[in-house]
1. Just to check I understand the Karplus step: with θ = phi - 60° and J = 6.51 cos²θ - 1.76 cosθ + 1.60, what whole-Hz values come out for segment 66-72, glycine and proline as x?
2. Among Arg79, Arg28, Arg51, which one shows the highest mean-square fluctuation when the chain is modelled as a Gaussian network with alpha-carbon springs under 10 Å?
3. Pulled fully out, how much extra length does the chain show between Leu71 and Ser7, if you take 0.36 nm times their separation in residues and subtract their Cα-Cα distance?
4. With an 8 Å Cα cut-off and a minimum separation of 6 or more residues, compute the relative contact order for the chain in percent.
5. Within a 10 angstrom radius of the beta carbon, how do Val63, Val2, Val87 rank from fewest other beta carbons to most?
6. Over 17 Å apart: what share of the alpha carbon pairs of segment 32-87 falls there, rounded to a whole percent?
7. Rounded to a whole number, what is D in µm²/s for the chain from Stokes-Einstein with the Kirkwood radius over alpha-carbon pairs (25 °C, 0.890 mPa s)?
8. Would you mind calculating the gained length between Ala61 and Asp27 on full extension (0.36 nm times residue separation, minus the Cα-Cα distance), in nm to one decimal?
Amino acid sequence: MVRLPLSPVELARGRALGALLRAARADRSMLDVALAAGVSPETLRKIETGRIATPSFGTVAAVAAVVGLSLDEVWREVRRVGEDVAVGRTVSADDTADVA
């Protein structure tokens, strides 16, 4: 199976998701959050850095719950960034940490 390359919108959403989760994690260690969410620290690291731009729903839900974010908050932020990129607005990393 060949996976199609991700679009600029999908990549921006992935970076926004990672930044949001990282900001919400705050001073908790990556190891503690990953273990509490039932994912590997490597997976969490890749999500937070945008290297996994489209993690599974279950993974997002688990990490969001551990860091105290509702899925509504996560989707609102990720969708906003995607819409900004789709219409050509520049999105910085600082724009994605406002919710946390």
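1. So the Karplus estimates, Gly and Pro as x, are 5, 8, x, 9, 7, 5, 4 Hz.
2. Arg28
3. Working: separation 64, 0.36 × 64 = 23.04 nm, distance 2.26 nm.
Using 0.36 nm per residue and subtracting the Cα-Cα distance, I get 20.8 nm.
4. 41 percent
5. Val2, Val87, Val63
6. Values: 589 of 1540 pairs.
Everything past 17 Å amounts to 38 percent.
7. In µm²/s, the coefficient is 182.
8. Details: separation 34, 0.36 × 34 = 12.24 nm, distance 2.00 nm.
Separation in residues times 0.36 nm, less the Cα-Cα distance, equals 10.2 nm.
Any read-out appearing in this document is the output of simple, stated calculations on the displayed coordinates, not a laboratory observation. The structure displayed is predicted, hence computed values, not measured ones. Every residue, glycine among them, receives a Cβ derived from its backbone with ideal geometry; neighbour counts consider all protein chains shown.
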